[in-house]
Amino acid sequence: MLDWTDRHFRFFMRRISKHALLYTEMVTTGAILYGKGDYLGFDEQEHPLALQLGGSDPGAMAECALRAQERGYDEVNINVGCPSDRVQNGRFGACLMAEPETVADCVRAMKEAVSIPVTVKSRIGVDDMDEYRHLTDFVRAVAEAGCDTFIIHARKAWLKGLSPRENREIPPLMYERVYRLKQEFPHLHISINGGVKTLEQAEQHLHYQDGVMIGREAYTNPYLLSEVDHRFYADDHDIPDRLQVLCAMVPYIDSQVETGARPWHIARHMLGLFQSQPGGRIWRRHLSENGRHATSGQLLLDAYEKMQSQLNPNR
């Protein structure tokens, strides 16, 4: 989710669900330790929030985990699932599935440095290391190092020959392997990821798993999460409608503009707010055509008014 689940998107999603655990985009140890920007910044309203960390050096991973804890993150998650060339060249992401002891060493170092949870997100396999025993060997080694929470993307990753997008679509989903993993390691907290598009599907997975991670669908259809708090967290607060979510984001955009942000950098994350709704295409078109020149949160109100005027020309 590089360049997708940034702090603006997470603030937007928190207007929709109070309780869903949000993850940052993957941030590398190099960026945190040597980058010029603040790669750990977030708004307090984003809690609960996990930092997704990319790296393979135990010392650097431990230092970044400590910085994350000091900044107030609720969890640090090691990414062992991303298959992009950029990630492979840095020796982190899915290529580390072939190095379970390296991941285990990182977990040990991080657990010694922090008290917040250290978790791991992986695939079910990588390249030709895609038999079930390879997955169990990986999980066992990392669990023995102190990790008790895994998020498993139920597809293998091909590091050569497939693009990151193809790696999300071509390797078949094998949910049964993740179900079997939970049966074999009942003491571990195991969440499933990959191909989940509805809350009904998530509910079915929860018969076999401890949790469900929704990635791309939550980005393209964010209002999907509006019923999460009621259905899975027993919170009966009033569900905000799409207009209420939109209006809550207007002052946020204006406040961010005062610090140097551009409205489009925030509004681009909201293109899917009216996904599958009457006028959704009008909403997306107005934001896309006008967002890069906008100067305030009025962009959202104008897009909504444009949508309503075309849907109800005689109002």
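The table below lists the values:
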item: In nm, spacing of pseudo-spin labels at GLU99 and VAL250 (7 Å Cα→C-beta vector); result: 5.1 nm
item: Accessible-area value, GLU75, 1.4 Å probe, nucleic acids and ligands omitted, Å²; result: 20 Å²
item: Sequence-distant lysines (8 or more away, or on other chains) whose Cα lies within less than 26 Å of LYS18; result: LYS121, LYS197
item: Net +/- balance of residues flanking ALA303 in space, Cβ distance below 14 Å, scoring K and R +1, D and E -1; result: +4
item: In order through the stretch 154-163: 3J(HN,Hα) via Karplus (6.51 cos²θ - 1.76 cosθ + 1.60), integer Hz, x for Gly, Pro; result: 7, 10, 7, 10, 9, 7, 10, x, 10, 6
item: Accessible area of the chain belonging to carbon and sulfur atoms, whole % at 1.4 Å probe; result: 48 percent
item: The stretch 137-284 - charge dipole about Cα centre, Lys and Arg +1 at Cβ, Asp and Glu -1, debye rounded to 20; result: 900 debye
item: Tensor-based shape of the stretch 124-263 (alpha-carbon gyration tensor, a/c under 1.5 rounded, otherwise prolate or oblate); result: prolate
item: Overall Cα dimensions of the chain - principal axes, largest extent first, Å; result: 65, 42, 42
item: Beta bridge orientation in the chain: antiparallel %, DSSP, nearest 5; result: 5 percent
item: Point-charge dipole on Cβ atoms (K/R +1, D/E -1) for the stretch 1-160, about Cα centre, debye to 20; result: 420 debye
item: Sequence-distant residues sharing a close amide H with THR119 (under 5 Å, placed H); result: VAL76, ASN77, ILE78
item: Residue-count net charge about THR136 - beta-carbon cut-off 10 Å; Lys, Arg +1, Asp, Glu -1; result: +1
item: Most mobile listed residue (VAL80, VAL139, VAL196) in the chain, GNM with C-alpha springs under 10 Å; result: VAL196
item: Lys, Arg +1 and Asp, Glu -1 on Cβ, resulting dipole of the chain about Cα centre, debye, nearest 20; result: 980 debye
item: Total formal charge among the other residues, if their Cβ is under 9 angstrom from that of LEU21, Lys/Arg +1 and Asp/Glu -1; result: -2
item: Computed [θ] at 222 nm, helices only, for the chain once each DSSP H run of length n ≥ 4 contributes -39500 (n - 2.57); result: -12500 deg cm²/dmol
item: Sequence-separation-based contact order of the chain, relative, with Cα cut under 8 Å and 6+ spacing, percent; result: 14 percent
item: Stretchable slack from ASP38 to ARG180, in nm (0.36 nm times residue separation minus alpha-carbon distance); result: 47.1 nm
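The values are calculated or read from the model by the stated rules, or taken from the named source; none is laboratory data. Source: prediction; values computed, not measured. Positions of Cβ are backbone-derived with ideal geometry, glycine not excepted, and every protein chain shown enters the neighbour counts. All accessible areas refer to the heavy atoms of the entire protein, side chains included, with ligands and DNA or RNA removed. Shrake-Rupley method; radii C 1.70, N 1.55, O 1.52, S 1.80 Å.
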